[in-house]
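Q: Quick one: the structure is below, and I'll ask about it shortly.
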Amino acid sequence: MIPAHNEQARIGACLRSVHTALAHVPSRIQVEVSVVLDRCRDRSPQLVDTHLRSWPGARALTVSSRPAGTGVGYVRDLGVRDVLHRLHLVPTDAIWLLSTDADTVVPPHWATEQLRYAAAGLHGVAGLAELADPSELSDHTRQRYRTIIASGMRGTTHEHLYAANLGVRADAYLRCGGFPSHDHGEERRLWAAMAAAGCRLRQPSNLRVQTSARTHGRAQGGVADLLQSLQTENASSLTSENVA
């Protein structure tokens, strides 16, 4: 499931990487893909149409407006429900839901690694997201981001959560209410609900995707907001030093 809001610059690379990753999934496994176009005003719909035209099992949904107060969790959940509708003949405990973002590139082994964890009986897997193009960030911002990531590392596991690198078993997703529709931080709230429900969860540090290092993102509370806050923090610090 991939939400996209005005992502014409990055959606192509994302879809190519997801297509490659899913091509490594054994042919006996049914694969369905949902790209949710969220109020797009750029060329994202046309680009997605071009990529999906020859991609069996992949289709796009169009969201022209959202209910008041809803966030990207609403969009993500629409994509999940679309996939589950197409897989309605498959038991939900045999469906593994994959989530990424339109500004993210996944590695070729992404889907098969997720399925390996699913086969081990887990209900949820949350990997890491590395910055793909941090060169335009200040040295301060890059260092602060690395420090934040390092603070959440626990050897072969970690404590971070990214909807851009998430896998959830469908029965657990439904039992725990899915992605919350309102506000932001939908992946963290879903993960917390799953943990409270006693689901078996894993956050491996070796399962990584690459996401944009932009500071003006599409979803509130995401990586872009964090990077923007770090950039602002640096600017404020420099201003204070100049005044002093």
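The values are calculated or read from the model by the stated rules, or taken from the named source; none is laboratory data. Keep in mind that what you see is a predicted model, and the values were worked out from it rather than measured. Side chains included, ligands, DNA and RNA excluded: accessible areas come from the protein's heavy atoms. Shrake-Rupley method; radii C 1.70, N 1.55, O 1.52, S 1.80 Å.
Q: Can you give the % of DSSP beta bridges in the chain that are antiparallel, to the nearest 5?
A: Expressed as a percentage, antiparallel bridges in the chain total about 45.
Q: Once volume of the Cα convex hull per residue in Å³ is worked out from the coordinates, which option in [x] 141; [y] 112; [z] 200 does it equal?
A: [x]
Q: Right, something else. Which value at 222 nm does the chain reach when only helices count, each DSSP H run of 4 or more adding -39,500 (n - 2.57), with the total divided by all residues and rounded to the nearest 500 deg cm²/dmol? Before the final figure, lay out each step's value.
A: On the way: 8 runs with 98 residues, N = 244.
One gets -12500 deg cm²/dmol as the mean residue ellipticity at 222 nm.
Q: Further question on the same structure: When the accessible area of segment 1-61 is split by element with a 1.4 Å probe, what percent falls to carbon and sulfur?
A: Carbon and sulfur atoms account for 47 percent of the accessible area of segment 1-61.
Q: Quick check: the distance between the Cα centres of segment 167-224 and segment 1-64, to the nearest angstrom?
A: 19 Å
Q: Next question. Need one number for segment 86-225: average projected area of the convex hull over its C-alpha atoms, nm². Can you show the working numbers first?
A: On the way: hull surface 36.4 nm².
The Cα convex hull of segment 86-225, projected and averaged over all directions, gives 9.1 nm².
Q: With a 1.4 Å probe and every protein chain left in place, tell me how much accessible area Y117 has, in Å² to the nearest 10.
A: 20 Å²
Q: Kirkwood hydrodynamic radius of segment 6-114 from all distinct Cα pairs, in Å?
A: 14.7 Å
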